[in-house]
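Worksheet for the structure shown next.
The values are calculated or read from the model by the stated rules, or taken from the named source; none is laboratory data. Note that this is a predicted model, so its numbers are computed, not measured. Here the Cβ positions follow ideal geometry from the backbone for every residue, glycine too, while neighbour counts run over all protein chains shown.
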Amino acid sequence: MTEHAVVIAGGGPTGLMLAGELALAGIDVVIVERRASQDLDGSRAGGLHSRTIEVLDQRGIAERFLSAGQVAQVQGFAGIRLDISDFPTRHNYGLALWQSRFEPILADWVGELGVPILRGCEVVGFAQDDTGVDVEVSGDTSLRAEYLVGCDGGRSLIRKAAGIDFAGLDPSTSWLIAEVEMDEEPELGMRREGGGIGPVNRLEGGGPFGVVLRERHVDHIGDPSMDELREALVAVYGTDYGLRTANWISRFTDMARQAASYRRGRVLLAGDAAHVHPPQGGQGLNTGVQDAVNLGWKLAQVVNWTSPESLLDTYHAERHPVGARVLHNTMAAVALSSPDDRHQALRDTMTELLSMDEPRRRIAAMLSGLDIHYDLGDGHPLLGRRMPDLDLHTADGPTRVFTLLHDARPVLLNLDPGGFDISPWENRVRFVDARHAGVWELPVLGEVAAPPAVLIRPDGHVAWAGDLTDPELPRALATWFGAATPAH
Ligand SMILES: Cc1cc2nc3c(=O)[nH]c(=O)nc-3n(C[C@H](O)[C@H](O)[C@H](O)COP(=O)(O)OP(=O)(O)OC[C@H]3O[C@@H](n4cnc5c(N)ncnc54)[C@H](O)[C@@H]3O)c2cc1C
């Protein structure tokens, strides 16, 4: 039996990101992945939202993705375009980049960090005890880990075997999705009832085309066929446009379910294993990657004995409400896409509302993940929110906040004259003296008062903001990054 600190079941976007975060913290982690390679059946997710690009920027890898995709105003709610170019972030846009291209780039980064991936095998069961988890892998392999994380997608075996309830709504609508070659030029664009046809290569246009078609029935047995695709095209467009071949055909529904708990003992869930919802708003992959960034440093600190196991409870406390909100807004988007005249009237009303600045900012900040606010109590408006990527001047020259987060370590950023004895935490927290000339602006909230100092978690969220003499600062340091080390 091989031992690892953490075993991750599933090497999709969530599992890969989590593995990278753990590896940065020096944790011995292994991924078990069913697929023999990183290749995907279908393109799946269409891109990244602003906060995910920021999160990748925090690790110094955003450019790898930006150079592979197309920056665009991709944000939309139920087909209503939402421009975020006035948002106070360096990445005031989304990135059109298919998941089939996103995953290999992320996997390369994880490979550079030295994480082993056991490909072509799957986790088939596990048993946890007080000190760890025995993980049974297909092909008679057994692994022993301190923690097992299920990043194994919506049908998660880990979630089911852990007995975690997956509560929510059964599907009411089913869509076919495919990449096709057609003899005739199809009608391009989104449809009132959701779905539509568009070129796979969004820059060059032309075929192959991606098609999404609302189906008449919800229940289906087996994989979708070419005949079903042809029938659905004719039902929606009155023609199959000379459908020749399909590179792949798949199906998705508006099922919306969420794990009742993201943790059971030494077993945790992240990504689609913890929440599934319809793809409206393009939030699934983004939410999974951000789950991973919230969990990674916490799990690393628990494994390193820096923090007590109770730190892991903050993962559920912070990310479950975020997932619930995603389910909620996708349910609203599905309801709005009903094709009848009454819903069209509602969409028209929403379009008018969302053309106003305040509603647009609120909804767009929610969909882009830029407004996420973990409840860390009362205090400065920054508390629990994402730290803006300020330009800084330090004794070593100019830098920016996200650069300070590249190694996924916490930062105590001091922006005022004044000192603080960081020595009880100096092996864990980096103390940086810097100056920033300019305003502090947050999405939706606008300008906020500049705090004299901020304590930034490795996930880029603010754990404390105030004056270095504030007695809350040592408490915040101990809460998030472990007890003070006694002086020798
Ligand atoms: C049509 C469609 C469009 C979408 N569009 C968007 C979009 O625009 N934006 C967006 O953010 N999201 C979108 N999504 C959602 C997105 O694809 C998922 O949310 C995302 O893939 C979730 O990542 P994950 O790593 O959590 O799970 P998955 O991608 O499902 O990865 C799970 C991995 O676990 C492996 N696995 C499963 N079981 C086991 C096992 N027992 N042992 C080992 N390995 C196992 C699988 O092979 C897989 O690689 C879309 C989804 C669909 C279907």
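At a glance:
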item: Filter result (charged (D, E, K, R), away from the ligand (no atom under 15 Å from the Cβ) and in a helix (DSSP H, G or I)) within segment 52-71; result: D57, E63, R64
item: Any chance V74 is among the hydrophobic types (A, V, I, L, M, F, W, C), surrounded by 21 or more Cβ atoms within 10 Å (Cβ to Cβ), part of a loop (DSSP other than H, G, I, E, B) and within 11 Å of the ligand (Cβ to nearest atom); result: yes
item: Segment 137-147, residues that are within 11 Å of the ligand (Cβ to nearest atom) and either in a loop (DSSP other than H, G, I, E, B) or surrounded by 24 or more Cβ atoms within 10 Å (Cβ to Cβ) (or both); result: S138
item: Residue in segment 7-25 that is nearest to the ligand (Cβ to nearest atom), counting only those that are outside any helix (DSSP H, G or I) and touching a helix residue (DSSP H, G or I) at 6+ places or on another chain (Cβ under 6 Å); result: A9
item: Cβ pairs under 9 Å, 6+ apart, first in segment 125-154 and among the charged types (D, E, K, R), second crowded, with 20+ Cβ neighbours inside 10 Å and assigned to a loop (DSSP other than H, G, I, E, B); result: D129/R266; D130/R266; E146/R266; D152/G10; D152/G12
item: Flag for D416 being acidic (D, E), exposed (fewer than 15 other Cβ atoms within 10 Å of the Cβ) and either under 30 Å from M190 (Cβ atoms) or modelled with pLDDT under 95 (or both); result: yes
item: Output for segment 110-126, where each listed residue is away from the ligand (no atom under 15 Å from the Cβ) and of a type outside the set (D, E); result: G111, L113, G114
item: Selected residue [touching a Ser or Thr at 6+ places or on another chain (Cβ under 8 Å) and closer than 20 Å to V55 by Cβ] from L392, L413, L442, L404; result: L392
item: Residues located in segment 26-51, provided they are touching a Lys or Arg at 6+ places or on another chain (Cβ under 8 Å) and either outside any strand (DSSP E or B) or more than 8 Å from the ligand (Cβ to nearest atom) (or both); result: R35, A36, S37, R51
item: Residue ID - nearest to I80 (Cα to Cα), chosen from residues in segment 356-379 that are in a loop (DSSP other than H, G, I, E, B) and not small (G, A, S); result: M356
item: Conditions (1) assigned to a strand (DSSP E or B); (2) more than 14 Å from the ligand (Cβ to nearest atom): number failed by A178; result: (2)
item: Selection from segment 140-176 of residues that are among the acidic types (D, E), under 19 Å from G284 (Cα atoms) and touching a strand residue (DSSP E or B) at 6+ places or on another chain (Cβ under 8 Å); result: D152
